[in-house]
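Q: Have a look at the structure that comes next, please.
The values are calculated or read from the model by the stated rules, or taken from the named source; none is laboratory data. Keep in mind it's a predicted model, so treat the numbers as computed, not measured. Note that we place each Cβ from the backbone using ideal geometry, even for glycine, and neighbour counts take in every protein chain shown. Heavy atoms of the whole protein, side chains included, go into the accessibility calculation; ligands, DNA and RNA do not. Shrake-Rupley method; radii C 1.70, N 1.55, O 1.52, S 1.80 Å.
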Amino acid sequence: MSIDHASIVGVGAVTAYGWGIDALWSGLKSGVSAATLHPDLGDRFPAPCWFARVPEDPRILDRDAPGTGSTRYQQAFAFAVDEALADAKRSGWVPGARVGIVHATTRGDLELFRARYLAWDTLRPRRAYVEQAWTKPSGDVMVRHGFHGPSMVVSAACASGLHAVAVAQRLLTCGDLTDVIVVGADVGFDGEEMRLFASLGPLVHDAPPKEVCRAFQSNSRGFVLGEGVAAMVLTSRPVASRYVSVLSSVMGNDAYHPVSINPDHAEMLRIVDDALEMAKVEPSTVRYFAAHASGSSLCYDADAAVLTHLGPQVTAYGLKPLMGHCMGAAALLDTVALSRAYREGLLPVPELVPGADAHPQLARNPQIYDGGITLQVGLGFGGNISVVVFGADGD
């Protein structure tokens, strides 16, 4: 099957580093994790706990602003999308006849759902009923900008962001859309979510990220939870300036276990091969590997298998030690970061942890990002796997 190449022409983000892509980029370049120690989140949060939480900003948040929602989730969604659209227009992009949204998330707006059951007196019932729908943030974008879709939600656990890219690329190829806004959003985690996930093992809330999440390094225990929204404008139409092209995208499932990765990695490597074949790229020409890099031993084995499969010329990296694991937004935040890396010529990766043994192909501290082919992998609960290949159209 032939799938059209698509270009990323605009990006936006809201993370624990702050509101906006520049805040994310500055935070990544600093090498300092976005996670901080929170002593007073209340409810059922552990106290204190390490958490890369999106801050409320009264200069940006207006709870009564039309079309932006009343929660951090919805307003961060609106901000990141509007930022990506403005960025795309500066690049010379003009909206086509059918602009749609593919929205990736794992849980929807947990803070709003929690309020529905435990803080009823804080809600406006009619507004809350509408806002609890997963389709509401995208619907607001459609109204604000006069877009007509289609619009949909994709949920494939932590692979959701790359699944959304793959769905978007296919909608462009089939002509259902002229342009698509791809959004990964997970903001609003509560204490129950943190404690339940921690019971599985990989989420750690009582230690700083450098002690917990060490992508491709020894003594890695898992990850610190993060929140975020990533948005990007994807088009297959000519645009004067672009960040990078999506050469191919493939989705699959290892059909093994609800929360574990098949240790033979056979299906995952098949998906990698399918993505390379679809992109007409030889493994030996891949320069960078944007790994899932959650910090767990299962994920390390999976990422290392892909790295070995691609070859010794590949440089690997993972950004979860800096951003935290932002769940449904995680993969797309990685994509937005690598898009900026292509433009800036810089890869702002975490510094090596002193004393830790590192994989020989792990990126050593921030380095020049000289383009070429990048392969990104997303892994999610339920066996979900997605692979996207990025590069210039001539690569």
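Q: Within segment 352-383, can you find the residues that are open to solvent by less than 50 Å² (accessible area, probe 1.4 Å), among the β-branched types (Val, Ile, Thr) and farther than 27 Å from Gly252 by Cβ?
A: Within segment 352-383, Val353 is the sole residue that qualifies.
Q: Sticking with this structure for a sec: For segment 92-111, check the following and say yes or no: at least one residue is farther than 10 Å from Gly10 by Cβ and among the hydroxyl-bearing types (Ser, Thr, Tyr).
A: yes
Q: Further question on the same structure: Are any of the residues in segment 46-60 surrounded by 21 or more Cβ atoms within 10 Å (Cβ to Cβ) and modelled with pLDDT under 95?
A: So far as segment 46-60 goes, no, none of its residues is surrounded by 21 or more Cβ atoms within 10 Å (Cβ to Cβ) and modelled with pLDDT under 95.
Q: Answer yes or no: is there a residue in segment 186-202 that is among the small types (Gly, Ala, Ser), in a loop (DSSP other than H, G, I, E, B), open to solvent by less than 20 Å² (accessible area, probe 1.4 Å) and out of contact with any Cys (no Cβ under 8 Å at 6 or more places or on another chain).
A: Yes, some residue in segment 186-202 is among the small types (Gly, Ala, Ser), in a loop (DSSP other than H, G, I, E, B), open to solvent by less than 20 Å² (accessible area, probe 1.4 Å) and out of contact with any Cys (no Cβ under 8 Å at 6 or more places or on another chain).
Q: Going residue by residue through segment 339-352, is there one that turns out to be closer than 20 Å to Gly380 by Cβ and either out of contact with any Cys (no Cβ under 6 Å at 6 or more places or on another chain) or among the β-branched types (Val, Ile, Thr) (or both)?
A: Among the residues of segment 339-352, not one is closer than 20 Å to Gly380 by Cβ and either out of contact with any Cys (no Cβ under 6 Å at 6 or more places or on another chain) or among the β-branched types (Val, Ile, Thr) (or both), which makes the answer no.
Q: Also: List the helices (runs of 4 or more DSSP H) that sit entirely inside segment 66-161 and contain at least 2 residues that are at pLDDT below 90 and surrounded by fewer than 18 Cβ atoms within 10 Å (Cβ to Cβ).
A: Output list reads 110-118, 125-131.
Q: Looking for something farther than 23 Å from Ala159 by Cα and among the basic types (Lys, Arg) - is there at least one such residue anywhere in segment 284-307?
A: Among the residues of segment 284-307, not one is farther than 23 Å from Ala159 by Cα and among the basic types (Lys, Arg), which makes the answer no.
Q: Quick check on Pro321: is it buried (at least 24 other Cβ atoms within 10 Å of the Cβ) and farther than 19 Å from Ala104 by Cβ?
A: So Pro321 passes the test.
Q: Answer with yes or no whether Val353 is over 20 Å from the mean Cα position of the chain (by Cα) and either within 17 Å of Ala230 (Cβ to Cβ) or among the aliphatic types (A, V, I, L, M) (or both).
A: yes
Q: A follow-up question, please. Assuming Gly10 fulfils every condition listed in (1) open to solvent by less than 30 Å² (accessible area, probe 1.4 Å); (2) of a type outside the set (Lys, Arg); (3) not in a strand (DSSP E or B) apart from one, which condition is it?
A: (3)
Q: Could you check Val349 against (1) surrounded by 22 or more Cβ atoms within 10 Å (Cβ to Cβ); (2) over 23 Å from Trp19 (Cα atoms); (3) out of contact with any helix residue (DSSP H, G or I) (no Cβ under 6 Å at 6 or more places or on another chain) and say which number it fails?
A: Evaluating Val349 over (1) surrounded by 22 or more Cβ atoms within 10 Å (Cβ to Cβ); (2) over 23 Å from Trp19 (Cα atoms); (3) out of contact with any helix residue (DSSP H, G or I) (no Cβ under 6 Å at 6 or more places or on another chain) leaves (2) as the failure.
Q: Go through segment 169-185 residue by residue and tally those that are surrounded by fewer than 21 Cβ atoms within 10 Å (Cβ to Cβ) and not hydrophobic (A, V, I, L, M, F, W, C).
A: Here the count works out to 5.
Q: Is it true that Thr315 is among the hydroxyl-bearing types (Ser, Thr, Tyr), over 21 Å from Ala6 (Cβ atoms), modelled with pLDDT of 95 or more and buried (at least 16 other Cβ atoms within 10 Å of the Cβ)?
A: So Thr315 fits the description; yes.
Q: Let me ask another. Among the listed residues Ser260, Ser245, Ser218, identify the single one that is more than 19 Å from Val54 (Cβ to Cβ), open to solvent by less than 40 Å² (accessible area, probe 1.4 Å) and modelled with pLDDT of 95 or more.
A: Ser245 is the lone residue from the list that is more than 19 Å from Val54 (Cβ to Cβ), open to solvent by less than 40 Å² (accessible area, probe 1.4 Å) and modelled with pLDDT of 95 or more.
Q: Is it the case that some residue within segment 230-237 is in a loop (DSSP other than H, G, I, E, B), touching a residue at least 24 places away in the same chain (Cβ under 8 Å) and open to solvent by 40 Å² or more (accessible area, probe 1.4 Å)?
A: Yes, segment 230-237 contains at least one residue that is in a loop (DSSP other than H, G, I, E, B), touching a residue at least 24 places away in the same chain (Cβ under 8 Å) and open to solvent by 40 Å² or more (accessible area, probe 1.4 Å).
Q: Among the candidates Trp19, Trp25, which residue alone is open to solvent by 20 Å² or more (accessible area, probe 1.4 Å) and either modelled with pLDDT of 95 or more or within 16 Å of the chain's Cα centre (by Cα) (or both)?
A: Trp19
Q: Considering every residue within segment 162-178, establish whether at least one is modelled with pLDDT of 85 or more, within 24 Å of Phe223 (Cα to Cα), part of a helix (DSSP H, G or I) and touching a Leu at 6+ places or on another chain (Cβ under 6 Å).
A: No: zero hits.
Q: Do the conditions hold for Leu346, that is, is it in contact with a Phe, Trp or Tyr (Cβ under 9 Å, 6 or more places away or on another chain) and touching a residue at least 24 places away in the same chain (Cβ under 8 Å)?
A: Against the criterion (in contact with a Phe, Trp or Tyr (Cβ under 9 Å, 6 or more places away or on another chain) and touching a residue at least 24 places away in the same chain (Cβ under 8 Å)), Leu346 qualifies.
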